[in-house]
Amino acid sequence: FDEYDTQIDRIAVSDHILLGGDNIDVTIAKILEPQLVKEGGQLSSRLWQSLINRSRALKERALGEHDKESKYHMSIDDQGSGLFSQTHTASITWEEIIEIVNNGFFPMCSKDELPRTEQAGLKEMGLPYSQESAVTKHIAEFLRNYEKIDAVLFNGGALKPDYLQKRIVSLIAEWQDGYKPIVLRNNDL
């Protein structure tokens, strides 16, 4: 903002939908889990948490590169009571991760497509979890009363990757017949 004489007025704030990068991490972990356990088996809570952490790293790596040929391998060690630990391995491709991100959380949608609104019983600190995982539908709902979006300020760690920022900006541009909003720099997402 330093190079421009700009003032920003916040005119609206969206609902907190409790939806973000953690949801993507868990989804990737659920896709990888069957590779790590025998049929009908289940990971211990410690191994499940390790899998989520590794899934987060895989997601961040995939969103940071654009190599459609990449295949990511990961392993987690089960430090059981036996003499030897057992290593569980799994793999996922760049395309599979991008498909999860694009189709499950950031799908292209029309500006009139609204999120599902049925409520479940889950709440955290009094805030309801969203039943709609498509962040783009929440954006469409939030922006439906505005004719033109001139600028976007991304906030939150889930929106740090350039890949996601470009996808959202291109979707908003599509809704605005090609008019592309500028992205305001945020050094501390």
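The values are calculated or read from the model by the stated rules, or taken from the named source; none is laboratory data. What you see is a predicted model, and the numbers here were worked out from it, not measured in a lab. Here the Cβ positions follow ideal geometry from the backbone for every residue, glycine too, while neighbour counts run over all protein chains shown. Only protein heavy atoms, including side chains, enter the accessible area calculation; ligands, DNA and RNA are left aside. Shrake-Rupley method; radii C 1.70, N 1.55, O 1.52, S 1.80 Å.
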task: Considering only the range 147-179, state which residues are loosely packed, with under 14 Cβ neighbours inside 10 Å, at pLDDT 90 or above and in a loop (DSSP other than H, G, I, E, B).
output: Lys148, Asp150, Asp177, Gly178, Tyr179
- request: Pull up the range 180-189, narrow it to residues that are part of a strand (DSSP E or B) and closer than 21 Å to Asn145 by Cβ, then point me to the one that is least open to solvent (accessible area, probe 1.4 Å).
  value: Leu184
statement: Result of the Cβ filter at 7 Å on the range 165-189, keeping first residues that are closer than 10 Å to Met108 by Cα and partners that are open to solvent by 30 Å² or more (accessible area, probe 1.4 Å), at least 6 apart or interchain, is Ile168/Ile139; Leu171/Met108
task: Could you list all residues from the range 114-146 that are modelled with pLDDT of 85 or more, within 19 Å of the chain's Cα centre (by Cα) and not hydroxyl-bearing (Ser, Thr, Tyr)?
output: Leu114, Pro115, Glu132, Ala134, Val135, Lys137, His138, Ile139, Ala140, Glu141, Phe142
